[in-house]
Amino acid sequence: MGNAVQNEYGFYDRLNANFPSQVIVDATEICNLACIHCPHPEFKKSPHYTAKSLTLELNNKMADEVRDFGKGITQYIRYTSNGEPLANPKIYDMLKYSVENSGTTVCLTTNGTLLNPKNLEKVLATGVDLIDISIDAFSDEVYSKIRVNGKLPITRGNVINLLKTRSQRTKPLKVVVSYVEQPQNIHESKDFEKFWKDEGADYVIIRKLHSASGGVKQTAETLREKGTEQERYPCLYPWERITLNPEGYLSFCPSDWVHGSNVCDYRTTTIRETWQGQFYTELRKAHTCNNFGKHEFCGQCPDWQLTTWPKKSGRSYANMIEDFGLTEQV
């Protein structure tokens, strides 16, 4: 990869060398669904799975650090990733603490199945700024095939209730619904988008299918074949985000199912030290030089081509947050 390409990627716009612009919180490894595009069903059978959930203590440490060092830099804290956040019984305390102490936007991503009236009341009481519900289907038949163990009438009812109930809050709440487009549901994409826009969702996200960092083998092979058609460019994540996972480690990838991106134990360090430290420096160099000899996890991942650099390759989740006016520009 030439110098021109190396100079094209780095810290600019919302990306900051001092602290990550996004902090991803993976609150638990536990999930109540077995979605076909997700590695979780196989993950549960692997030695990597421990059914752990993030502790409130580490969550609060993270929120305090965002307040102290991420002001004007961290656009949002996003509770998402490899489990269903509402399966962590401390999630409501976590959200509330982050809302009240981090000084930035707090987002919750959920599959919506547990967002019953009782849990919804507790979520709304946290003051969270945005709730993103992953649904992935318009019809009951397709939902049952993709979101195994889930029932669309329940999920849909929960989200419609959320859209109606949020008006009772004095603090504005944005509601987003999302859809991973794949062979089983692509024929429903337009119907899905129209339905939820008509129901009052603030944004409908149609996502491209990714391989979960190589975790879904068939998708990974398809993306690898596609990736040979273009020169590999750096994945955005080492310049944009850091993940706090259920085991209490900081990692550089939000879709890591084999602990291949763990950097360090958050109990013994800080986000700021890690972000500015040697590991991240070398990881960024590996991406800009396209040399992954010491970073095999990144080297085998084909999802780099789906990451969206600011003002280069389309819109991203961060652009949506900016559109909502939930964060200020760096």
| task | Could you check, for segment 227-235, whether at least one of its residues is open to solvent by 40 Å² or more (accessible area, probe 1.4 Å), hydroxyl-bearing (Ser, Thr, Tyr), more than 23 Å from residue 25 (Cβ to Cβ) and out of contact with any helix residue (DSSP H, G or I) (no Cβ under 8 Å at 6 or more places or on another chain)? | result | yes
| task | Any chance you could count how many residues in segment 160-192 are open to solvent by less than 60 Å² (accessible area, probe 1.4 Å) and assigned to a helix (DSSP H, G or I)? | result | 9
| note | Of the listed residues (211, 251), the one being touching a strand residue (DSSP E or B) at 6+ places or on another chain (Cβ under 6 Å), within 22 Å of residue 41 (Cβ to Cβ) and surrounded by 20 or more Cβ atoms within 10 Å (Cβ to Cβ) is 251
| (1) over 29 Å from residue 284 (Cβ atoms); (2) of a type in the set (Phe, Trp, Tyr); (3) touching a residue at least 24 places away in the same chain (Cβ under 8 Å); (4) not in a helix (DSSP H, G or I): which one isn't true of residue 12, the others all being true? | (1)
| query | Of all the residues that make up segment 285-320, how many are assigned to a loop (DSSP other than H, G, I, E, B) and of a type in the set (A, V, I, L, M)? | reply | 0
| segment 254-284, subset part of a loop (DSSP other than H, G, I, E, B) and not β-branched (Val, Ile, Thr), residue most open to solvent (accessible area, probe 1.4 Å) | 259
| Just checking, which of 49, 79 is under 28 Å from residue 211 (Cα atoms), buried (at least 23 other Cβ atoms within 10 Å of the Cβ) and touching a helix residue (DSSP H, G or I) at 6+ places or on another chain (Cβ under 8 Å)? | 79
| Residue among 308, 327 that alone is in contact with a strand residue (DSSP E or B) (Cβ under 8 Å, 6 or more places away or on another chain), modelled with pLDDT under 95, open to solvent by less than 50 Å² (accessible area, probe 1.4 Å) and not small (Gly, Ala, Ser) | 327
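Per-residue answers, yes or no, for (1) of a type in the set (A, V, I, L, M, F, W, C); (2) open to solvent by less than 10 Å² (accessible area, probe 1.4 Å); (3) at pLDDT 95 or above:
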| position | (1), (2), (3) |
| --- | --- |
| 4 | yes, no, no |
| 28 | no, yes, yes |
| 32 | no, no, yes |
| 42 | no, no, no |
| 57 | no, no, yes |
| task | Looking only at segment 183-227, count how many residues are of a type in the set (D, E, K, R), under 20 Å from the mean Cα position of the chain (by Cα) and modelled with pLDDT of 95 or more. | result | 1
| remark: Counting only residues in segment 164-175 that are over 22 Å from the mean Cα position of the chain (by Cα) and closer than 19 Å to residue 204 by Cβ, the one modelled with the highest pLDDT is identified as 164
| Looking at residue 135, is it buried (at least 18 other Cβ atoms within 10 Å of the Cβ), β-branched (Val, Ile, Thr), in contact with a strand residue (DSSP E or B) (Cβ under 8 Å, 6 or more places away or on another chain) and over 17 Å from residue 95 (Cβ atoms)? | yes
| message | Show the residue pairs meeting these rules: Cβ distance below 7 Å; 6+ apart or different chains; first residue within segment 50-62 and touching a residue at least 40 places away in the same chain (Cβ under 8 Å) and farther than 18 Å from residue 82 by Cα; second residue of a type outside the set (D, E, K, R) and open to solvent by 30 Å² or more (accessible area, probe 1.4 Å). | response | 60/97
| said: I'm told residue 36 meets every condition in (1) open to solvent by less than 40 Å² (accessible area, probe 1.4 Å); (2) touching a helix residue (DSSP H, G or I) at 6+ places or on another chain (Cβ under 7 Å); (3) within 20 Å of residue 147 (Cβ to Cβ) except one. Can you identify the failing condition by its number? | reply: (1)
| Within segment 214-223, tally of residues that are open to solvent by less than 80 Å² (accessible area, probe 1.4 Å) and outside any loop (DSSP other than H, G, I, E, B) | 3
| Which of the residues spanning segment 87-103 are open to solvent by 10 Å² or more (accessible area, probe 1.4 Å) and in contact with a helix residue (DSSP H, G or I) (Cβ under 6 Å, 6 or more places away or on another chain)? | 90, 92, 93, 97, 101, 103
| said: Could you check segment 174-200 and list, in sequence order, the residues that are of a type in the set (A, V, I, L, M, F, W, C) and in contact with a Leu (Cβ under 7 Å, 6 or more places away or on another chain)? | reply: 175, 176, 180
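The values are calculated or read from the model by the stated rules, or taken from the named source; none is laboratory data. Remember, predicted model here, so these are calculated numbers, not experimental data. Here the Cβ is made from the backbone with ideal geometry for all residues, glycine too, and neighbour counts use every protein chain on show. When the accessible area is computed, the model is the full protein with side chains, heavy atoms only, and any ligands, DNA or RNA have been set aside. Shrake-Rupley method; radii C 1.70, N 1.55, O 1.52, S 1.80 Å.
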